[in-house]
Every structure is written in structure tokens, then in C-alpha cells.
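To start, the structure itself, in C-alpha cells.
The values are calculated or read from the model by the stated rules, or taken from the named source; none is laboratory data. Keep in mind it's a predicted model, so treat the numbers as computed, not measured. Please note: Cβ atoms are built from the backbone with ideal geometry, for glycine as well, and neighbour counts cover all protein chains shown. Each accessible area value is taken on the protein alone, full model and side chains, heavy atoms only, with ligands, DNA and RNA left out. Shrake-Rupley method; radii C 1.70, N 1.55, O 1.52, S 1.80 Å.
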Amino acid sequence: MPNLKTTIVKRIDPLPTNVSPDALLRSLGIAQPGDIDIEAIAYYVGLRIKRRRLTSCEAMITGMGNKGIISVLPTSMPERQRFSIAHELGHWAHHRGQSVACRATEIGGFSKTNQGERAADQYAADLLMPWSMFKRECRKHPRLDLKALKVMAGSFNCSLTATLIRMIDSTLYPTAMMVQHRAVIGRKWFRGAVQVPGYWFPKDALDSESFAFELLHNSTVRDEGFPRKIGADAWFDNRAAERYEITEQSFRVPGEGVVTILLLHPDMIE
Ligand SMILES: [Zn+2]
């Protein structure tokens with residue numbers, strides 16, 4: 001005679017509480033980036049999506065037992081909404097039973113100070129851009145430039161910024177770094193490939209010689225169509241910088257300023 005209580009519990013909650021993104025994708029048989037339907041995945045783990053106006057946050061999750069609702073702002077870009085939903089799924093996996101409201105600055109920024117938000121971002125990236133598929137697609141693009149980034153972002157249906165972070169983290173582009181600037185506050189943040197030594201720390205303010213400076217301060221200038229060479233001292237204070245030439249390519253992100261892809265000289269990472 002089976003234990004009835006156990007059977008019922010299993011039927012109500014067929015998934016373990018903390019199911020990894022890889023396990024989730026495997027159990028749904030998803031093997032192509034185009035098949036990562038985030039709303040279907042949310043439904044599968046007991047969550048409904050509501051698009052509604054929210055005050056003071058961009059997305060939130062409220063849950064009880066095995067069911068919950070993810071609310072997301074309908075006015076964000078579709079790629080951004082996808083990332084926000086995946087981020088809330090991360091909270092569901094890591095912090096089930098809690099209600100969490102996330103401000104725009106807490107989603108996609110990979111916070112260095114808030115572990116919970118960083119874990120939710122990591123979960124979102126792992127779910128929307130799983131390494132096995134992501135690296136396979138990256139290998140079609142030996143060079144990280146804006147053209148490759150746009151193709152990758154399109155394949156995975158993610159924003160340019162979220163995709164660029166993932167490409168930097170892939171370890172496949174050892175000389176790559178991204179720097180994001182806002183006009184008012186100067187350097188916002190940067191992220192380098194794990195192979196880039198910590199002493200290559202970008203300057204706070206943009207050098208007026210860099211194309212990113214023009215892009216940030218002159219709204220009539222268009223994004224750079226191709227990477228171009230510039231002295232490394234335009235980007236780094238380090239005294240050794242004047243010995244090297246690097247490439248830069250910048251583009252605008254609406255509402256977020258200017259993002260620049262830097263490719264360091266190979267000797268800079270040795
Ligand atoms: Zn959050």
C-alpha cells in the first residue's frame with residue numbers, strides 16, 4: 001500500500017524547490033535558444049505572468065505554497081521584460097515563499113553588494129543564455145564586436161547589455177572588457193574577461209579623444225559601425241597603458257547611456 005500522503009505531496013509539487021536552470025531546460029527538452037519560452041517555463045513551475053503598472057519597482061513576485069504570480073512592467077522593452085521574468089524565477093528558485101519587489105537598478109546589474117539580487121541575475125542569465133548553447137553560438141563569432149553582439153542578442157532574444165555581459169563572462173574573449181557610462185555620473189561600471197588583470201581599471205571619466213565621449217555628449221552622432229584603434233591611455237590610467245593600442249566600439253543603450261566594448265592588446269593580459 002503506497003503512502004498516500006507522500007503521493008499527494010509529490011503530485012502537487014513535482015519539482016524540487018531549488019531546480020537549476022540547466023535541469024529545468026533539460027526536463028522541458030529545450031535545446032535551442034529560440035525554444036526558451038520564458039513564460040511557458042514560468043507556468044511550468046507554477047507561476048503566472050501579469051503585466052501591470054507597478055509603483056517603485058520594475059518586477060515583483062508574490063507566492064504562496066507552490067503557486068505564485070510574477071508582475072512585470074509592460075512598458076519595458078520585450079527583451080528586458082524577459083530578463084525581469086527570468087530574474088523573478090531566480091528569486092522563486094532561491095527564495096521561495098518570499099515576496100520580492102525589484103527595482104530597475106536591481107535587475108541585470110549583477111550587484112556586488114546584494115547577494116540575493118546577484119543570485120537572481122545569475123539564474124536569469126543561466127536560464128536565458130545557458131552556457132552549452134551560448135558558447136556554441138559564440139564560437140561562430142571569433143571576434144567580439146557590435147555586429148557579433150547583435151547576432152547573439154537576436155538569437156537569444158536578450159538585450160545587448162545582458163548578452164554582452166554573458167559574452168564577456170564566457171572566457172572565449174580573453175581580451176574583452178565592457179564599460180558603461182552615463183552622462184551625469186561618469187563611469188558607471190565595467191566588467192572584464194576573467195583573464196584581464198585587475199590593474200587594468202578603466203578611468204572614471206571618459207577621455208575626450210574616445211568615440212564614446214562623442215556619443216555620450218552629442219546626440220546627433222550615430223553608433224560606431226566598426227571597432228577602431230585608440231591608445232590604451234585614453235581608457236586606463238596605468239602608466240604602462242601608453243605602450244599599447246586597443247580597440248573600442250561604442251553604442252547607445254536607451255535610458256542607460258553608452259556602452260563600449262574594449263579589446264585589449266594581447267600583451268596586456270600576459
Ligand atoms: Zn530581484
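I need a count of the residues in the stretch 98-110 that are more than 10 Å from the ligand (Cβ to nearest atom), among the hydrophobic types (A, V, I, L, M, F, W, C) and part of a loop (DSSP other than H, G, I, E, B).
Total meeting the criteria: 1.
Name the pairs whose Cβ atoms lie under 8 Å apart, with the first residue in the stretch 79-93 and assigned to a helix (DSSP H, G or I), the second of a type in the set (K, R), and 6 or more positions between them or separate chains?
Q81/R51
Give all pairs with beta carbons closer than 7 Å in which a residue from the stretch 146-172 that is more than 11 Å from F83 (Cβ to Cβ) meets a residue that is of a type in the set (S, T, N, Q) and open to solvent by less than 20 Å² (accessible area, probe 1.4 Å); count only pairs at least 6 apart in sequence or on separate chains.
L146/Q249; L149/T163; M152/T163; A153/T163
Within the stretch 188-204, is there a residue that is surrounded by fewer than 19 Cβ atoms within 10 Å (Cβ to Cβ), under 15 Å from Y244 (Cβ atoms) and of a type in the set (D, E)?
No, because not a single residue in the stretch 188-204 is surrounded by fewer than 19 Cβ atoms within 10 Å (Cβ to Cβ), under 15 Å from Y244 (Cβ atoms) and of a type in the set (D, E).
Among A153, A212, which is the only one that is surrounded by 13 or more Cβ atoms within 10 Å (Cβ to Cβ), at pLDDT 90 or above and either among the hydrophobic types (A, V, I, L, M, F, W, C) or touching a Ser or Thr at 6+ places or on another chain (Cβ under 6 Å) (or both)?
Details: A212 fails: at pLDDT 90 or above.
The unique qualifying residue is A153.
Would a scan of the stretch 125-140 turn up a residue that is surrounded by fewer than 18 Cβ atoms within 10 Å (Cβ to Cβ), hydrophobic (A, V, I, L, M, F, W, C) and more than 15 Å from the chain's Cα centre (by Cα)?
For the stretch 125-140, residues surrounded by fewer than 18 Cβ atoms within 10 Å (Cβ to Cβ), hydrophobic (A, V, I, L, M, F, W, C) and more than 15 Å from the chain's Cα centre (by Cα): absent.
Table: residues versus (1) away from the ligand (no atom under 14 Å from the Cβ); (2) surrounded by 17 or more Cβ atoms within 10 Å (Cβ to Cβ); (3) assigned to a loop (DSSP other than H, G, I, E, B).
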residue	(1), (2), (3)
D22	yes, no, no
R26	yes, no, no
G29	yes, no, yes
A40	yes, no, no
I70	no, yes, no
T75	yes, no, yes
R96	no, no, yes
K112	yes, no, yes
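When the stretch 42-57 is examined, which residues are found to be among the β-branched types (V, I, T) and assigned to a loop (DSSP other than H, G, I, E, B)? Reasoning before the result, please.
Going through the stretch 42-57, the residues among the β-branched types (V, I, T) turn out to be 45, 49, 55.
Within the stretch 42-57, V45, T55 meet the criteria.
Suppose the filter is in contact with a Cys (Cβ under 7 Å, 6 or more places away or on another chain), part of a helix (DSSP H, G or I) and either under 29 Å from R191 (Cα atoms) or more than 14 Å from the ligand (Cβ to nearest atom) (or both); does F134 pass it?
Values: in contact with a Cys (Cβ under 7 Å, 6 or more places away or on another chain): no; part of a helix (DSSP H, G or I): yes; either under 29 Å from R191 (Cα atoms) or more than 14 Å from the ligand (Cβ to nearest atom) (or both): yes.
Judged against the criteria, F134 is not a match.
Given the criterion surrounded by 13 or more Cβ atoms within 10 Å (Cβ to Cβ), out of contact with any strand residue (DSSP E or B) (no Cβ under 7 Å at 6 or more places or on another chain) and within 21 Å of I168 (Cα to Cα), identify the matching residue among I246, I261, I269. Even if it seems obvious, please write down each step before you answer.
Numbers: I246 fails: out of contact with any strand residue (DSSP E or B) (no Cβ under 7 Å at 6 or more places or on another chain); I261 fails: out of contact with any strand residue (DSSP E or B) (no Cβ under 7 Å at 6 or more places or on another chain).
The conditions single out I269.
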